[in-house]
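Scroll down for the structure; my scribbles are underneath it.
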Amino acid sequence: MQNQKSGKRRIPSDSWSIVEKVLRRYPEQKREYENMREQILEATPYCDGQPRGNYPANRPESTAIKLQSPRMQRLEREITAVERAYGMLREEQKKVIRIRYWSYPWRNVPYLEMREVAYSERQMHRIVFRVVDSIARDLGEII
């Protein structure tokens, strides 16, 4: 959907809030994903030669199934989307995202409180919009 006067795309508010939650949770989810992945890959399954129902008997199958669980797939998709959008930014722009979303994970830091960056409020809003738009497109929140 486009605004008729400015020609600027609009992101629906529910999609915006979902993407902001994904952004805010990124550091925590990245740690969780890496820990889960390490545990799955390093775990040695108990095997006494007896069948265990529908569970795969060999380790590669078991590992592949655990790595492809819905939770792991969602975490990987969200982490990849955030890293792709964050990677497109210059270092000073990355600082805006770090301060706004990751310095206080329970709230967004208002633009006017960001004294450490050399951007105006409007420029910071554009940077955040670009990142949110990119993540929303990667996650399928907007087309």
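The values are calculated or read from the model by the stated rules, or taken from the named source; none is laboratory data. What you are looking at is a predicted structure, and each value in this text was computed from that prediction instead of being measured. Ideal geometry is used to build each Cβ from the backbone, glycine not excepted, and the neighbour counts take in all protein chains shown.
The set of residues in the range 101-134 being part of a helix (DSSP H, G or I) and of a type outside the set (A, V, I, L, M, F, W, C) consists of Tyr101, Tyr111, Glu113, Glu121, Arg122, Gln123, His125, Arg126, Arg130, Asp133, Ser134. Of all the numbered requirements in (1) part of a helix (DSSP H, G or I); (2) touching a residue at least 40 places away in the same chain (Cβ under 8 Å), Lys94 misses one, and that requirement is (2).
For Ala85, the test of being of a type outside the set (Phe, Trp, Tyr) and surrounded by 15 or more Cβ atoms within 10 Å (Cβ to Cβ) is passed.
The residue of the range 34-85 that is modelled with the lowest pLDDT, among those that are in a helix (DSSP H, G or I) and β-branched (Val, Ile, Thr), is Thr63.
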